[in-house]
Structures are given as C-alpha cells and as structure tokens.
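Report on one structure; see the data block that follows.
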Amino acid sequence: MPMNFENSDLYSQLLVNDSDLDSLEIVPIGGPDGPEEPLDLPDELPIMPIRHTVLFPGMVIPVTVVRQKAIRLVKKIYRNTDINQRIMGAVTQAKPQKEDPGAADLYKIGTVAHILKMITLPDGNVTIIVQGRQRFQIKEIVREDPYITARIESINDSFASPKRKESKALLNSLRDGAHRIMRLNPEIPQEARIALDNIESPVFLIHFLSSNINVDVADKQKLLEEKNGHKQATLLLQYMMKEIEMLELKREIQSKASSDIDQQQRDYFLRQQIKVLNDELGIDSPEREMDDLRIKALDKKWSKEVQQHFDREVNKLQRLNPMAPEYPVTLNYLETLVELPWEEYTKDNFDLVRAQKILDSEHFGLEKVKERIVEYLAVLKLKNNMKAPILCLYGPPGVGKTSLGKSVAKALNRKYIRMALGGVHDEAEIRGHRKTYIGAMPGKVIQLIKRAGSSNPVFILDEIDKVSSDFRGDPASALLEVLDPEQNASFTDNFMEVEYDLSKVLFIATANSLETINPALRDRMEIIEMTGYTMEEKLQIAKKYLVPKQRKENGLKGTNVKVDDRALQKVIEGYTRESGVRNLEQKVGTLMRKVAKSIAMEQEYSKTVKEEQVEKMLGAEIFDKDLYQDNDIAGVVTGLAWTSVGGEILFIETSLSRGKGVLTLSGQLGDVMKESAVTALSYLKAHAERLGIDYRVFNHYDLHVHVPAGAVPKDGPSAGITMLTSMASIFTQRRVKSFVAMTGEITLRGKVLPVGGIKEKILAARRAGVKEIILCVKNKKDVNEVQADYIKDMSFHYVDTVDEVLAAALLPEIVSRPIKFVFPEENKERSGGDGIQAPVVVL
C-alpha cells in the first residue's frame, strides 16, 4: 500500500483567511543546522487520547473528537485567549477499542499538540486541526477526572550533522526511497513531491516521512518513541524498503496478469470481484464458508478417521459448482459435522442426597420409582459407565413420567432433550436420510444432540409405545441400535456416514402401554411401573404443586385465594377420575380463573374456596363416588377392580328365575370375565352336595349374573371369587357379610389365584368404606407394600381355596325372605304347596 501524503500540506488549505490565526506563527520543526529550541512546556499537561493515528512534531492533522470528556477538554483549551497557549498532549491509545481509556490504555510517549482550528459539527461532534510541536514522555498520571492530566518530561529532537557522510547518505536514502514510492504509486498527488523537495530540516524530514509511511499504528509509535534521530531514520528506512518491495511485487504481478490473461483467469478475476462485492454486502462467499468450516474443525476433538473424512468432504465441496444441487446438501452435511458436540460433555453432579431432594421436591409419592432412579445414578457414579438397561417409565397419562426425566437431568446437571415418538412412522426420523436425496438431513437423535451441545444429555424418548410402521420402514427397529448399550457407542446415522458415540447419553423412555412395544425393543429396557396416585397423594400434590402453580399462571398471589382441603378432595373425587393429575390441574385452573375474574371485575368473592362452593364454580359433579351399599339380599357381592384411572369397587348381582338352567351374563363383560363366570358355575355344580345346593336347581332355574354400569366395558381375571360367592349366595340363600369386598381368580379345582393392582384396589375399598378384604394368600406381599396409614382400619383374609372364601364371606343364616325352590317332579303336598326351602348348611 502507498504512503499517505495527502495531508502533508493540509494546514495550508484549512487555515486560509482564518481571522483567529492572524497572529499565530506556524513554527517549523528543526532548521538546517539542527533542532529548534525546545518549547517551554509546563510540568503538567492535559492529555487527549487519540485512536488509529500518531501525531509527529511538525505535522498538521485533523482530529474528530466524539467522546464527551475529550470535547470538554478541547473546548476549554480553545477558549484560551492566548492562541499560543492552546496546547495539550496527544497520546495514541494502545487499545483503540476502549471507549473510556485510562492511564493503562495509553502509550507513554506522545506529542504536544497545538490546536490551530476548532469546528463544531451539526451532530455535536468537534473537529480540530492540530500541529505537533514537540515529543514528551509521561512521568506520572496526576488525575483522570474530568480528563487525564499528566506530569511530563520533554524529549528534544536531535540528528547528527548532515555534513557527516553517514548521516548525509542516510538522509539521501530516505529521499530516494520516498521518490521511488511516489513513482510506483501514481495515486500520490504531485503536491506531495513538491513538499518533499522543499524540506530542508533532517528532523522534520524524518517526522514527515514517519507520519505518512503506510505501516501499522504500533510501528509508527515505535518511530515516535525512538529518541536517537539516527536510529529513528534507520528504522524508517527499513519500513520504506518493505513498502517499496511490496509495490514492486504488486506492479510485477499486475504486469504479468495484464500481459497473459486467458478466459480462465478472466473468470477467476470476476469471481474475486464477486467475492469482494459479497463481502461488502455481507453475503458469505463459498470460499469464506469453507474457511469458516476449517476454522471450526480445528477446535473439534474428533477421531483421526472423522478428520480425514471431513477433509475429503471439504475438498469435494471446493470442486463443486455453488449452483449444483449437491452443493447445499454437502455444505449442510459439513456444517452438521462441525456443529456436533464431539467428545464434549457436561460435568455430572453425583451428589445423590441432592438428587433425592430434587426428586422429592418435584414429585410427591412414587417412592419405588424414585428409589430405582437413585440406585441407577449410584451405579453410574461408581462405574462411570452407561452400559446399563435403558429405563422405561410405564404408566397411565399424567402421572409425571416426562417431568421425572426432567428432574433427573436437573439432579445430574445435564442438558435435557425430549423426542416425541407419538405417530413417528418413518425410519428416517431416527436414522436420517441418505445424502443422495435432495433436502437430506440427519435423524432426530443427531439433530437433538447437536441442539443440546453436549454428548451426554438426558434424552427422553416420549411415548415409545406409539411408534408405528408402514412402507417407509420400522422406526421401532431403528431404535434398537440407539438403545442397545452394546451398539450405541458406534451409532451410524444414514446422513452422517461416520460413527457417533451415544453411550454416554442417559436414555429414559416413557410408555402408556407395553403391548404395542416391539418385543426386541422392550427386551432392551428395564420397565419401571408408575401406577398412579392415590386420592391422598393427589390431595398433597394439589396443595403443594398444582394450586401454587395455577395461582401464579392466572396472575394471583397467595393472599388472593386459598383452597380448602375438603374442597380439593371434592374436586378429586367428583370431577376427575384418572391415575395422574392432568385433569385435576385443569379443574384447579378453572377455580383460579373464577377467582381471577371476580378480582378483575372488582366483585366480592371468598378468599378461601370451600367444599360447598366447588359445585357452584365447576358445575354438577361429573362422577359418582362408589360407596359400599349394605343390603339384605342374597346374591349381591362387592368386588374390587383395577382401571387405568385407579381402583374402583363394583357390585356383582345374581338372580334366579324358573327356566331350563340357562346362564345369562350382562354388563358388557369381556372374555376373561365370561370364562370366570362359567368356571364358577361349573365348580358349584361339581360340589353342589358338599355346599348344600340341590342339584336340580341347575336344570330348572335360569341364572342371571349382572355387573352394573353396563355401558362401561369390563374385563380381567380379578372377579372369579366374586362371581362364585355371588352364585353360592343365591343358590344357598345366604347373605354376604357387611362391608366385605374381594378380588381373585379361581380354577376348576377350587384354587384361588393372585391378581394385580392390589394397591389401587385397597385404596378404592378404603374410600368406599369397606372394612374387610378377601384376597389370595400370594397377594400378601403386595399388601405389605401399601403404606400402613392407608390400611390401619382394615382387616384382610388371605385365602387359598374357594371353601375359605365362602367361609369368610357368607353368613350362616338364611336371608329373611328366601326363595322357595319348586321342581316339576315334586309333590305339592310334600312341599306344603309352595315347594321346598333350600337346606341350610354351615361351612
């Protein structure tokens, strides 16, 4: 680049006809015989920092002042009536980006600047014309407010006598070098050549050339700081020689290019021009994109194989035409490679006590689930290895499966990402597309890892049971490699084509049903069942979490509204019927909105929502709570059932009517319950004599078994002993004990089999007021897992055979109004005209 001689005589153009400077003499710096007399400088001098330039003695330059502190300083100095006293120190900033520089941000040597002219611009900034007078060195900073003031020491300019051969040769070399630069650069104006020829002072010549040489500000500062004039001139000559070499090389290149340019070179030149235009417009050119990719790749901790693969792809991209369809695909591929967090991990927090506190504070109940998660984290802490079964949280909606995964991420201080698998039926969603397709992209697994910025996040695979398959592939099978600890250390995405390590990722899957999960996929996961919340747990969750959350979301404070415990219990039992708390949260939100409406409309309202107000605010109850119904009728038995929304009680009713021994089942029963009814009847027929049942009743009376609420489908193996007890009660006309419920399955041999859902069934019985429960002896272990507070007022009969069931359930006496059985072959006289009464047998 050329020397900057444009401002060499700037002061002569700007100061013409300036009435303020009529009495001012522009002082020359140094004469033919040596330096000028030094200025009589004060001990302290105000300092103005300048950026991107260096002021040399004798030089006149314009300076635009934009900082308020500097503007105040300049205006104060310029108001001095003595024109010759309008001086200050001009010191270059070592850190030009600093807006409010202090003493540490300035060089120590500067130049005394004489303000010749001040011009106030329309925007409030100020431009001053200054002349450098003499160099000085800062000895001490006196103060920094309202502007920097320093104690200084002047530096005298000196140079050896020009009559000495060595000095004369050095000065001639400087002049010759300046003329060569002017010849090589036609952009330098003719006035600069004339000004150079008219300079006689060696000192001013050095300062003149130093001010206009095209070097960095730091190099100019070195010239200013060099106190020995001979060494200063030598250093300046070195800079000029480099400038000359650059200009000559530039001219040589331009000469070669202009003498032999073909079509390819012309295209290259045009592309370079386009590149410059793109840079000016802020548009990334292909070359810049590739340079950025290479720079990002330098910080990656990937393997040597991945680095080689990356280099090959970059070279391929460089050969592609930017307009080719493959170009954006390849560019997107390389950007994905460099943006993936290769070997970048967040530091785990293995404070298990803290993890337990986080799980307890964010999830009420679920003790077994939280205990298993803490065990999982403990093993991870000891092994520092993720090769363990993938956890699958299985349970009904709204019980906190997904939020539990978020709590695990919080406990470990890991990034949290979630992938919704519901409705995913394209294998490419998991493995990605192949790069041969236009618009190809990686699978969701790689995309989410890239977004997380960490290779060891907590990864939630939500609704894994709802993955479907069609002609696009089988995503469930594609997940096998992702979730297999033996394979995911070398997971290969179709788009990536290189292996990526997923072994440090903590995968947690969630599911509502296990039946639809691929068997091979299910085998790779450890199923943790989340059975849902009891009414008591829902009450605590509503008090501790849902009410405060909904209060905040609806713009309310704790002083605005509270909800009574009995009101919450009414909402739970009368308006929601679910295992989770999602619907409960919606109902609580409705209560909060009612209150918010009253506050916004400035209406009176009760600050405590009570039980009697719930129905007014939410409408009539949606569900009826099933309470135990005591009766004096044979054939009515209370059973216990499990549903997806918790446990319930149900009543099984049996009646007899004259007929031909037909068994009728009603109540929308499933196949399993129908089989239980047939099995129970067969057992009674086989053991009628021992149970005190007249065998003829099976042929001459029709049996009708009904389970109320016929619109609700019912199925499962839990009603076997309930149906048998109901049939035995109607055949023997013996009433069932009050406040007794039962659950269990039977066999033709009269054995009682264990069933599931014991916790939910016991809680449903407790809510209904049941005092005694009959169940299989093998279910005793399930009862022991229920909290003692929930069963303290209840007693349990553990049975192994049907005889034990009937002994525990049936009363010995016959009901007050028994059925009179009549058979065709009976003599009416022997039966008293009304048939015979069923015998009473005490079991």
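The values are calculated or read from the model by the stated rules, or taken from the named source; none is laboratory data. This structure is a prediction, so every number in the text was calculated from the model and none was measured. With ideal geometry, Cβ positions are generated from the backbone for all residues, glycine too; neighbour counts draw on all protein chains shown.
Details
- In the stretch 174-191, the residues that are surrounded by fewer than 19 Cβ atoms within 10 Å (Cβ to Cβ) form Cβ pairs under 7 Å with partners that are among the charged types (D, E, K, R), at six or more places apart or across chains, as follows: LEU184/GLU248; LEU184/ARG251; PRO189/GLU6; GLU191/ASP9.
- Here ARG767 meets each of (1) part of a strand (DSSP E or B); (2) surrounded by fewer than 24 Cβ atoms within 10 Å (Cβ to Cβ); (3) in contact (Cβ under 8 Å) with a residue 40 or more places away in the chain with one exception, condition (1).
- Test result for ILE155, of a type outside the set (S, T, N, Q) and buried (at least 17 other Cβ atoms within 10 Å of the Cβ): yes
- Spans of strands (runs of 3 or more DSSP E) in the stretch 446-535 with at least 3 residues crowded, with 18+ Cβ neighbours inside 10 Å: 458-462, 506-511
- Scanning the stretch 723-765 for residues that are farther than 20 Å from ASP793 by Cα and hydrophobic (A, V, I, L, M, F, W, C) yields MET723, LEU724, MET727, ALA728, ILE730, PHE731, VAL736, ILE746, LEU748, VAL752, LEU753, VAL755.
- Qualifying residue in the stretch 778-800 (condition: in a strand (DSSP E or B), in contact with a Pro (Cβ under 9 Å, 6 or more places away or on another chain) and touching a residue at least 24 places away in the same chain (Cβ under 8 Å)): no
- Restricting the stretch 649-671 to residues that are aliphatic (A, V, I, L, M) and at pLDDT below 90 leaves a set whose member that is nearest to LEU748 (Cα to Cα) is LEU669.
- Flag if LYS316 is under 24 Å from ASN494 (Cβ atoms) and either touching a Leu at 6+ places or on another chain (Cβ under 9 Å) or not assigned by TED's automatic domain parsing to the domain that holds LYS370 (or both): yes
- The residues listed here are ILE206, ILE199; of these, the one that is at pLDDT 80 or above, part of a helix (DSSP H, G or I), under 30 Å from GLU153 (Cα atoms) and not assigned by TED's automatic domain parsing to the domain that holds LYS316 is ILE206.
- Enumeration of residues in the stretch 549-558 that are touching a residue at least 24 places away in the same chain (Cβ under 8 Å) and not in a helix (DSSP H, G or I): ASN554, GLY555, LEU556
- Residues in the stretch 637-681 that are under 26 Å from GLY769 (Cα atoms) and assigned to a helix (DSSP H, G or I): MET673 only.
- Within the stretch 735-750, the residues that satisfy the criterion of being in contact with a Gly (Cβ under 9 Å, 6 or more places away or on another chain), under 12 Å from ILE774 (Cα atoms) and surrounded by fewer than 24 Cβ atoms within 10 Å (Cβ to Cβ) are PHE739, GLU745.
- Selection status of MET240, more than 60 Å from the chain's Cα centre (by Cα) and farther than 21 Å from ILE50 by Cβ: no
- Verdict on ALA542 being on the phi < 0 side of the Ramachandran plot, surrounded by 15 or more Cβ atoms within 10 Å (Cβ to Cβ), part of a helix (DSSP H, G or I) and not hydroxyl-bearing (Ser, Thr, Tyr): yes
- Flag not set for ASP100, criterion: surrounded by fewer than 18 Cβ atoms within 10 Å (Cβ to Cβ), of a type in the set (Asp, Glu) and touching a Pro at 6+ places or on another chain (Cβ under 8 Å).
- Checklist (1) touching a Leu at 6+ places or on another chain (Cβ under 7 Å); (2) farther than 20 Å from ARG735 by Cβ; (3) at pLDDT 90 or above; (4) buried (at least 16 other Cβ atoms within 10 Å of the Cβ) applied to LYS674, failing item: (4)
- Residue match in the stretch 116-123 (condition: under 25 Å from ASP219 (Cβ atoms) and buried (at least 16 other Cβ atoms within 10 Å of the Cβ)): no
- Looking only at the stretch 802-825, and only at residues there that are acidic (Asp, Glu) and loosely packed, with under 14 Cβ neighbours inside 10 Å, the one that is modelled with the lowest pLDDT: GLU825
- For ALA90, the stated conditions hold: it is within 16 Å of VAL217 (Cα to Cα) and either hydrophobic (A, V, I, L, M, F, W, C) or in contact (Cβ under 8 Å) with a residue 60 or more places away in the chain (or both).
- Out of GLY744, GLY720, GLY692, sole residue that is modelled with pLDDT under 90 and assigned by TED's automatic domain parsing to the domain that holds GLU813: GLY692
- Those helices (runs of 4 or more DSSP H) of the stretch 275-382 in which at least 3 residues are closer than 26 Å to LEU502 by Cα and without any contact (Cβ under 8 Å) to a residue 12 or more places away in the chain, considering only elements entirely within it, cover 304-319.
- Scanning the stretch 728-762 for residues being more than 20 Å from VAL672 (Cα to Cα), assigned to a loop (DSSP other than H, G, I, E, B) and not polar (S, T, N, Q) gives a total of 2.
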